[in-house]
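*Asks:* Please see the structure below; I have some questions.
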Amino acid sequence: MKTSDDKKRISVKKKPIRLLIADDHSVVREGLVSLVKRKSDIVVVAEASNGREAVDLWKKHRPDVTLLDLRMPELDGVGAIKEIRELDANAHIVVLTTYDGDEDIYRAIKAGAKAYLLKDTARDALVDTVRRVHAGETYLPPPLAAKLAERVSGAALSQREMEVLQRMAAGKSNKEIGAELFISDGTVKTHVKGIFTKLDVVSRTEAVATATRRGLIQL
């Protein structure tokens, strides 16, 4: 015979996972909501169309799990993760994005995401990840875990190198970069050389393309 305490524990287990979905594309949100509706153990409590709204709705609903995109207007995914984690260091957040650059993955995990998935992830795998994160687990698909490991073990660009790289991506010359950063042409050349070495490239065009692919810069 079940005691009252047993019944309470069973009741708690049956409570659905409360999910907040944040993505600036309405079609994606609608698809995710439709998917969740088929699952008896998960319920969508709110939908956000940008990062700022995601944080505001998180404050209002305190969802069990937040599923959010990485690139959103007003406040990007990493910014939203940081703000949510400041409110609750134990917040369960899953990134669902199209970007698989090692820097994207690194920044999201460093900010506090518990899982990182790409939007071509199978539906069952996505739902399973939400459940696993809710249960306190973390998850990175093997290919993404390998990229993260490579990023962590590789040489990172310095803050100054990032500033030079961003201006390279804008098409500025060494002279223009030097003028903006108040450094000499020779110092700019040294930073460009360092960027080439760390990104394993031989030209400015290749450097910008590689940095964009990895998520170091956004064009």
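The values are calculated or read from the model by the stated rules, or taken from the named source; none is laboratory data. What you see is a predicted model, and the numbers here were worked out from it, not measured in a lab. All Cβ positions, glycine included, derive from the backbone under ideal geometry; neighbour counts span all protein chains shown.
*Asks:* For A125, are the conditions met, namely being in a helix (DSSP H, G or I), surrounded by fewer than 18 Cβ atoms within 10 Å (Cβ to Cβ) and not aromatic (F, W, Y)?
*Replies:* Yes.
*Asks:* Follow-up question, since we're still on this one. Look through segment 54-71, keep the residues that are touching a Leu at 6+ places or on another chain (Cβ under 8 Å) and assigned to a helix (DSSP H, G or I), and return whichever of them is surrounded by the fewest Cβ atoms within 10 Å (Cβ to Cβ).
*Replies:* K59
*Asks:* Can we say T210 is assigned to a helix (DSSP H, G or I) and farther than 30 Å from L117 by Cβ? Quick ask: steps written out before the conclusion?
*Replies:* Numbers: assigned to a helix (DSSP H, G or I): yes; farther than 30 Å from L117 by Cβ: no.
Judged against the criteria, T210 is not a match.
*Asks:* While we're here: Can you work out which of the residues in segment 81-114 that are aliphatic (A, V, I, L, M) and over 9 Å from the mean Cα position of the chain (by Cα) is surrounded by the most Cβ atoms within 10 Å (Cβ to Cβ)?
*Replies:* Going through the qualifying residues, I end up with I93.
*Asks:* Right, here's the next one. What residue, of S203, S184, S153, is among the hydroxyl-bearing types (S, T, Y), without any contact (Cβ under 8 Å) to a residue 12 or more places away in the chain, under 19 Å from D104 (Cβ atoms) and surrounded by fewer than 15 Cβ atoms within 10 Å (Cβ to Cβ)?
*Replies:* Going through S203, S184, S153 in turn, the sole match is S153.
*Asks:* A further question follows. All but one of (1) assigned to a helix (DSSP H, G or I); (2) farther than 30 Å from K114 by Cβ hold for M162; which doesn't?
*Replies:* (2)
*Asks:* Looking for something crowded, with 18+ Cβ neighbours inside 10 Å, part of a helix (DSSP H, G or I) and over 15 Å from the mean Cα position of the chain (by Cα) - is there at least one such residue anywhere in segment 34-53?
*Replies:* Looking through segment 34-53, at least one residue is crowded, with 18+ Cβ neighbours inside 10 Å, part of a helix (DSSP H, G or I) and over 15 Å from the mean Cα position of the chain (by Cα).
*Asks:* Since E176 meets every condition but one in (1) of a type outside the set (V, I, T); (2) closer than 24 Å to A91 by Cβ; (3) surrounded by 13 or more Cβ atoms within 10 Å (Cβ to Cβ), which condition does it not meet?
*Replies:* (2)
*Asks:* Just to be sure before I move on: is I10 part of a helix (DSSP H, G or I), among the β-branched types (V, I, T) and at pLDDT below 95 in the structure I sent?
*Replies:* In short, yes.
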